């Protein structure tokens, strides 16, 4: 038995549109919810010198009371939240590019860092975390003595790692 079905060329477009609507609804949700609950990851610079490992985290517009820094099991975790200012009506916005919501950044600390010697400063929207290195991890200078037994040119110091 043969069954005939009527072909509707726009049915596929309707199905595609429904799928796209569901995709955007799942991704962005309600407009107000999208404004207040998005997550973001602030930019971080990490650099090291012979005494410290330093992290600079860009967190402008976040109060220092909304930033939490913790070290546990050789893991540095920075958590914070940028809140949407409720003074302005959201329907008056033409464009919103700043991200709001909470963030968490975690970093595995090298074994050379002393977790008991950490400083955190917040200034001009930048959180600076300075992690001091352990004394045994710092470079040591060993003085080289020039004696009469060996004929060496000049004298100086050698850095040992």
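The values are calculated or read from the model by the stated rules, or taken from the named source; none is laboratory data. In this text the structure is predicted, and so the values were computed from the model without any measurement. So basically every Cβ, Gly included, is an ideal-geometry build from the backbone, and we count neighbours across all protein chains shown.
May I ask you to say which residue of 90, 81 is farther than 20 Å from residue 112 by Cβ, within 14 Å of the chain's Cα centre (by Cα) and modelled with pLDDT under 90?
Values: 90 fails: within 14 Å of the chain's Cα centre (by Cα).
Checking each option against the conditions leaves just 81.
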- Considering only region 96-110, state which residues are surrounded by fewer than 13 Cβ atoms within 10 Å (Cβ to Cβ) and at pLDDT below 85. 97, 98
- Out of all the residues in region 54-71, which are surrounded by 12 or more Cβ atoms within 10 Å (Cβ to Cβ), in a strand (DSSP E or B) and either free of Cβ contacts under 8 Å to residues at least 24 places away in the same chain or within 13 Å of the chain's Cα centre (by Cα) (or both)? 55, 56, 57, 58, 67, 69
- What number of residues in region 72-81 are within 14 Å of residue 107 (Cα to Cα) and surrounded by 12 or more Cβ atoms within 10 Å (Cβ to Cβ)? 6
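Evaluate the following for residue 6: is it exposed (fewer than 10 other Cβ atoms within 10 Å of the Cβ), outside any helix (DSSP H, G or I), at pLDDT below 70 and on the phi < 0 side of the Ramachandran plot? Working first, answer last.
On the way: exposed (fewer than 10 other Cβ atoms within 10 Å of the Cβ): yes; outside any helix (DSSP H, G or I): yes; at pLDDT below 70: no; on the phi < 0 side of the Ramachandran plot: yes.
No, not satisfied.
How many of the residues making up region 107-133 are part of a strand (DSSP E or B) and touching a residue at least 40 places away in the same chain (Cβ under 8 Å)? Quick ask: steps written out before the conclusion?
Taking region 107-133 as the starting set, the residues that turn out to be part of a strand (DSSP E or B) are 107-108, 113-123, 126-133.
Now restrict to residues that are touching a residue at least 40 places away in the same chain (Cβ under 8 Å): 107, 113, 115, 118, 120, 122, 126-133.
Summing the residues that are part of a strand (DSSP E or B) and touching a residue at least 40 places away in the same chain (Cβ under 8 Å) in region 107-133 gives 14.
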- Message: I'm told residue 37 meets every condition in (1) modelled with pLDDT under 80; (2) within 17 Å of residue 125 (Cβ to Cβ); (3) touching a strand residue (DSSP E or B) at 6+ places or on another chain (Cβ under 9 Å) except one. Can you identify the failing condition by its number?
- Response: (2)
